[in-house]
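Q: Below: one structure in structure tokens.
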Amino acid sequence: MSWPAFDRLLGQCEVCRRWGARRLCVDCIDRFAAPRLRCRRCALPLAGTANECGECLREPPPFDHTVCVADYGFPWDRLVADFKFHGAVELAGVLAERLAAAVAALPVPTLVLPVPLSQRRLAERGYNQAWELARQVARRRALPARADVLLRPVDTAHQADLPRAQRFANLRAAFIVDAPRRAALRGARIAVVDDVFTTGATARAAAATLLAAGAAAVDIWVLARTA
Ligand SMILES: [Zn+2]
Ligand SMILES: [Zn+2]
């Protein structure tokens with residue numbers, strides 16, 4: 001056996017560099033993805049015994065639950081960036097495994113959908129990281145997943161440059177559900193999968209679009225959340 005093949009067989013932890021069978025060792029997962037008390041709607045870390053954050057109580061988002069694996073910081077920022085921008089599609093497996101475990105306590109959805117990329121972005125990147133995650137999480141939970149229901153026909157302006165209200169309006173208009181696909185949504189509980197939950201604007205826009213198209217409820221499943 002040549003050394004490169006041996007390397008692939010054994011693998012090395014992406015974080016601590018320890019040799020083992022996995023891309024992320026159990027010690028690192030335990031250390032960096034320790035469960036913590038979070039808002040059940042938006043996954044914001046909470047102190048005390050509340051189960052929803054102040055913002056969700058004041059202005060409930062259109063989704064019912066958000067589950068995340070970890071806070072968006074070391075090493076998840078690096079892992080997600082590798083996964084998203086540097087073609088490390090193979091990381092989807094280990095990340096999806098963590099996400100599948102994290103969503104086990106939620107209501108079982110009818111259908112799992114990824115946050116879509118525009119055709120242009122998809123062509124640039126070659127894959128939609130949210131779809132890679134969604135289909136692997138769905139497979140682990142024996143649920144159907146589809147990439148052709150929630151679509152993003154236009155590329156939206158760079159979200160980071162826009163004020164919050166405008167981000168939402170911008171995104172709300174960006175997502176559509178094709179008329180022939182609406183039957184799949186009628187009365188369904190939908191899990192929407194994305195890599196990172198930042199402001200929640202994407203999650204709100206996707207959920208609002210799905211509810212308007214006939215879905216009964218929407219939950220958000222993400223790898224990491226900014227605190
Ligand atoms: Zn490790
Ligand atoms: Zn909240």
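Just so you know, all these numbers are worked out from the coordinates, no wet-lab data involved. Just so it is clear, the model here is predicted, and its values are computed rather than measured. So basically every Cβ, Gly included, is an ideal-geometry build from the backbone, and we count neighbours across all protein chains shown.
Q: Put +1 on the Cβ of each Lys and Arg and -1 on the Cβ of each Asp and Glu in the chain; which of Thr199, Ala142, Leu91 then has its Cα farthest toward the positive end of the dipole?
A: Farthest towards the positive pole: Ala142.
Q: Given points 7 Å out from each Cα along the Cα-Cβ axis, report the Ala104 to Arg181 separation in nanometres with one decimal.
A: Result: 3.1 nm between the two label points.
Q: Taking the Cα centre of the stretch 124-227 as origin, work out the dipole magnitude from +1 charges on Lys and Arg Cβ and -1 charges on Asp and Glu Cβ, in debye rounded to 20.
A: Dipole about the Cα centre, nearest 20: 400 debye.
Q: Normalise the Debye intensity by I(0) for the stretch 3-159, one equal point scatterer per Cα, no solvent, then take log10 at q = 0.10, 0.18 Å⁻¹ and round to two decimals.
A: -0.44, -1.31
Q: Dipole size in debye (nearest 20) for the chain around its Cα centre, Lys and Arg Cβ +1, Asp and Glu Cβ -1?
A: The calculation lands at about 340 debye.
Q: Of all alpha-carbon pairs in the stretch 89-197, indicate the percentage at a distance above 21 angstrom.
A: In whole percent, the long-distance tail amounts to 40.
Q: Suppose we keep just the DSSP beta bridges with both residues in the chain; what percent of those would be antiparallel, to 5?
A: On the way: 4 of 23 bridges.
Just about 15 percent of them are antiparallel.
Q: A follow-up question, please. Using alpha-carbon positions, what is the distance between the centroids of the stretch 186-225 and the stretch 53-88, in Å?
A: 12 Å
Q: Using the Karplus curve 6.51 cos²θ - 1.76 cosθ + 1.60 with θ = phi - 60°, what ³J(HN,Hα) values do you get for each residue of the stretch 102-118, in whole Hz, with x for Gly and Pro?
A: Each residue of the stretch 102-118 in turn: 5, 8, 4, 7, 7, x, 6, x, 6, 8, 10, 10, x, 5, x, 9, 5 Hz.
Q: Would you please give the residues with an amide H less than 5 Å from that of Arg225, counting only those at least 5 places away or on a separate chain, with H modeled from the backbone geometry?
A: Ala70, Asp71, Tyr72, Phe197
Q: Round to the nearest 10 and give me the degree value, 0 to 90, for the angle of helix 164-174's Cα axis relative to the longest principal axis of the chain.
A: The helix 164-174 is inclined about 90 degrees to the chain.
Q: I've got another one for you. Under 5 Å between amide H atoms, partner at least 5 residues away or on a different chain: which partners does Arg38 have, H built in plane at 1.01 Å?
A: Those lying under 5 Å, H to H, from Arg38 are Leu46.
Q: Long-range amide H contacts for Leu111: which residues qualify at under 5 Å (H placed 1.01 Å from N, peptide plane, sequence gap of 5 or more or a different chain)?
A: Arg189, Ala191
Q: On to the next question. Quick one: what are the phi-derived ³J(HN,Hα) couplings along the stretch 187-202, Karplus 6.51/-1.76/1.60 with θ = phi - 60°, whole Hz, x for glycine and proline?
A: For the stretch 187-202, the Karplus curve yields x, 8, 9, 10, 9, 9, 9, 9, 7, 10, 9, 10, 8, x, 4, 5 Hz.
Q: Read phi for every residue in the stretch 42-49 and hand back ³J(HN,Hα) as whole Hz from Karplus 6.51 cos²θ - 1.76 cosθ + 1.60, θ = phi - 60°, with x for Gly and Pro.
A: My calculation for the stretch 42-49 gives 10, 6, 5, x, 10, 9, x, 10 Hz in order.
Q: Name the residue, out of Leu57, Leu185, Leu133, whose mean-square fluctuation peaks in a Gaussian network model built on the chain with Cα pairs under 10 Å.
A: Among Leu57, Leu185, Leu133, the largest mean-square fluctuation in the Gaussian network model of the chain belongs to Leu57.
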